[in-house]
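Some notes on the structure that comes next.
Read-outs: derived from the displayed coordinates by stated rules, not from any lab. The shown structure was predicted, so the numbers you read here are calculated from the model rather than taken from an experiment. Cβ atoms come from the backbone with ideal geometry, glycine included; neighbour counts cover every protein chain shown.
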């Protein structure tokens, strides 16, 4: 999907809300508040190679995107949730020293976060009350996990 | 509490609001058929405050006074004795119940509102006459007396009820705690105070939302409903009045009043209300805000008490808005643990929960609820993200009643809520039925116990009666036969008792009987059974006792009665007793024969000058 393209279905989302524009605006606000929290949870889980923790965060992201009928995010989330769950089962068979984030999972996570950022941008275009800027979210969540580990130490 | 409601018990315990002083005297006087206007006027005049108020009452324009009335007697004549009586009763209740111990019961607002109802019902009945306005005035004043009575009789429990109740639930709670609600109690009390039937019927009818029918009672009931709305309007603050206005205007239509006329009417009523308030010491500057009167006016709240549990704030925002728009009362929690806490405290009727949540997920919440007493009847709907068969079976096993697949379609969710509501209603009906059945069963058991004990007890002396005596003697005889034991009976008869009754009357006769019965009870051993066979005749069953010992027992009783004479009554002869004794061994002779022999012995004592004892010769 191209950057900045509309990645959610306003008409379907509104229909689900009985065309209640106020409610939609309220939910956008909530979404913008909640996005950094869930993405931070997702990247933190990834950096810990906590796959089960990742499935929880991805599941929450999927639900959030569902309110805006953002089909692209939903399908990305479904496959990442699936992979992370599989990885967590595999994970049980390994000892903690040999835990390495699956390169594939890392990629999928990046894709999902990028798609979420896209949605945040689209929503903010349509929503005047910009409680949360994209740059802020990016600052919070979009740094490579290796760097995060280093800063922690 | 949950026992049967017993008005008499409460009255005896002096726990209900009750008239006092002059009002009580007037009530007692008017109850007599030969009471005259003069007598009532005399009583009223004793109380200057009451006299003034009754004059003002009689002169009130609303009651159609055409010329000024200056004296109490004319006022009483004009108003009628019943009205004066009820008016005095109301005033005395206001005087003695202007405050109390029930914390959440607003005594000032209660009387203020009652007075407003009272003034408006009088004015309404003056416009379209169904009953005499002066009479309707007093009914208005006491039309909600049941609330006050509950607050007076059970201040603490009622306080709790008022705290827990919201709208219609108050009536249910009252029924649960007191076996009666304030509406029914109002009716009961007014009936007890002798209010006319047409008032009582109309009051009962006025508790309905809509009153059909076109007779005097129905007309008056509609007037009462209208007056109640005006009363609520009077004590409401501006914003609440604005909320009430449409209902009031609609109701006014039934009484041929358009909005300008209604406004005028209310202005006049409020003015009269303030006047009356000053005169009978009821505050009329009470203003209730929206929240308080929601409890007082009991609007019908449709919909369900719902709890939404989801960790997705957007889902909570969306569903709580959409479900509340459908008339439900919606609360939200963000995880299973806080939901559990909320459910324990507030007992919602239905819970809609997400599946995946932290720290406690929807599945664990359902399991926890189904394992507990408070949660086993709550209707549970799960928001599921999958229609995977294994997952759903697991959810149903955990105790859900239904599920909705995400993304949630409101139409589908509402349809499932309606299905849930049907189940909840059925469940409530069942629970109420089983509670009622339990109550009836308890009532019936108590009634049966009372009946049984009444059937076996002599009311005057409290001793077992003849029926019991014969059954018991037969049983004792069977025991004596089995154990080959002795058994004796003592037949006792008070001497010259007929002359006591004839010369001093039955009241004294009854006193003598009770006195003698008590002495017998005090002087027998614990194993002996004293019964009253009838009249002045008593039977004492002495088990495991032979004739010789029984004779000693008889002598002890005789002596006690001779020595302890009844005090405060002058009798021609002192109270004495003659006793015939017969004994058996191993039920030989039979108990019937034993009775006969003791009777023979008694006869011989009576022949020989009374006040003596004698053992049957063959015993």
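See the values below:
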item	result
Rg(Cα)/(2.2 N^0.38 Å) for the stretch B:457-594, N = residue count	1.07
Alpha-carbon Rg/Rh ratio, for the stretch B:56-188, with Rh computed the Kirkwood way	1.06
Rounded to 10°, Cα long-axis angle of helix B:155-164 versus longest principal axis of chain B	30
Using alpha-carbon coordinates, inclination of helix B:313-325 to the longest axis of chain B, degrees	70
Cα centroid separation, the stretch B:157-204 to the stretch B:225-293 (Å)	23
Helix-only [θ]222 nm of the protein assembly as shown, DSSP H runs n ≥ 4, -39500 (n - 2.57) each, per residue, nearest 500	-20500 deg cm²/dmol
Shielding of A:55-67 by partner chains, average beta-carbon count, 10 Å	4
Taking the stretch B:384-472 and dividing mean pair separation by its residue count, relative contact order in percent (alpha carbons under 8 Å, at least six apart)	15
Euclidean distance between Cα centres, the stretch B:473-541 to the stretch B:342-364, Å	70
For the stretch B:378-416 and the stretch B:106-136, distance of Cα centres in Å	54
Mean shadow area of the protein assembly as shown, taken as a quarter of the surface of its Cα convex hull (nm²)	54.6
The stretch B:315-360 shape via C-alpha gyration tensor axes, a/c threshold 1.5	oblate
Order by protection proxy (mean Cβ within 10 Å, highest first), peptides B:512-522, B:110-120, B:227-237	B:110-120, B:227-237, B:512-522
Taking all pairs of distinct alpha-carbon atoms in chain B, Kirkwood radius in angstrom	30.9
Cα→Cβ-extended label distance, 7 Å offset, between residue B:242 and residue B:208, nm	3.5
For B:309-317, mean number of other protein chain Cβ atoms within 10 Å	6
Highest average packing first - B:442-455, B:544-557, Cβ atoms within 10 Å	B:544-557, B:442-455
Tail weight of P(r) past 12 Å, computed on alpha-carbon pairs of the stretch B:357-403, percent	60
Prolate/oblate/rounded call for the stretch B:306-422, Cα gyration tensor, a/c under 1.5 rounded	rounded
Computed over chain B: relative contact order in percent, which uses C-alpha pairs under 8 Å that are six or more apart	8
